[in-house]
Amino acid sequence: MLAAGNGDRFLGSSTPSKLLAPVAGMPLISRTLLTAARAGIQLIDVILGYQAGAVRQAALSGAPADVMLCFHQNDRWHEENGVSALVSKPHVGNERFALLMGDHIFNWQVLARLLDHPAPAGESLLAIDRGPAGAVRALEATRVRLDGDRITAIGKQLEPFDALDTGVFVFAPSIFAALEESVADGDTSLSGGVRRLAARGLMRGIETDGSAWCDVDTVDDLLEAAALFT
């Protein structure tokens, strides 16, 4: 789980981590941990950075009893999220693994579907939303272009696009080589690595089938996320 960024669009670059903000009575990071546990995940590596101590304590306090947490520090947390993803490389081995954003709210069944979905060796999966997107969400979200269920392109400014990236992934270990190539070329985003996998025909989009989700970037997003639990 990526939980290193400072979320400077939330209230400002020096405010408490948005992962500590309450969503219907529970810190945002605790919501994400609970969702992962409900999907059957029992070991979660959490990549920390900004306000690492406070985020770590919130995660420990809010994690379900049957979930083991391991924490890893990203000292380059001010860079994009691909750097945080690379921090997890020594800890996931050669197995497929789920990669989640600490600030995303989503239905546990979406993650469970990805974990159960058959995929050839080397292929990775992304939960995508093909539903109608409001102007604000379409502007802020990462966009995906598809050929059938194959992801052919991904990016914030992508035009035309077919779906939105929900931030819920199940990756093959090949993502790490792709991320290393991307970082070497100056792109430290997770999308940079995904873009390289897509170019090799190794990214598939799995539809959320209308399931609600929310990427919490702003206070307004936090209110939207809270509404999912009322």
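The values are calculated or read from the model by the stated rules, or taken from the named source; none is laboratory data. Keep in mind that what you see is a predicted model, and the values were worked out from it rather than measured. Don't worry about glycine lacking a Cβ; one is built from the backbone with ideal geometry, like all the others, and counts go over all protein chains shown. For accessibility, only protein heavy atoms count, side chains too; no ligands or nucleic acids. Shrake-Rupley method; radii C 1.70, N 1.55, O 1.52, S 1.80 Å.
On inspection, V144 does not qualify as open to solvent by less than 50 Å² (accessible area, probe 1.4 Å), within 18 Å of K89 (Cβ to Cβ) and at pLDDT 95 or above. Scanning region 73-102 for residues that are open to solvent by 30 Å² or more (accessible area, probe 1.4 Å) and under 11 Å from A4 (Cα atoms) yields Q73, D75, R76, W77, H78, E79, E80, N81, V87.
Taking region 41-72 as the range and being crowded, with 17+ Cβ neighbours inside 10 Å, aliphatic (A, V, I, L, M) and out of contact with any Cys (no Cβ under 8 Å at 6 or more places or on another chain) as the test, the residues that pass are I41, I47, L48, A52, V55, A58, A59, A63.
Has region 122-129 got at least one residue that is modelled with pLDDT under 95 and either surrounded by fewer than 16 Cβ atoms within 10 Å (Cβ to Cβ) or in a loop (DSSP other than H, G, I, E, B) (or both)? Give the derivation first.
Our first condition is that a residue be modelled with pLDDT under 95; within region 122-129, this holds for 122.
If we keep only those that are either surrounded by fewer than 16 Cβ atoms within 10 Å (Cβ to Cβ) or in a loop (DSSP other than H, G, I, E, B) (or both) too, we end up with 122.
Yes: region 122-129 contains one or more residues that are modelled with pLDDT under 95 and either surrounded by fewer than 16 Cβ atoms within 10 Å (Cβ to Cβ) or in a loop (DSSP other than H, G, I, E, B) (or both).
Going through S182, S174 one at a time, which residue ends up being polar (S, T, N, Q) and touching a Leu at 6+ places or on another chain (Cβ under 7 Å)? Going through S182, S174 in turn, just one is polar (S, T, N, Q) and touching a Leu at 6+ places or on another chain (Cβ under 7 Å): S174. Taken over region 23-35, residues that are surrounded by fewer than 22 Cβ atoms within 10 Å (Cβ to Cβ) and out of contact with any Ser or Thr (no Cβ under 9 Å at 6 or more places or on another chain) amount to 4.
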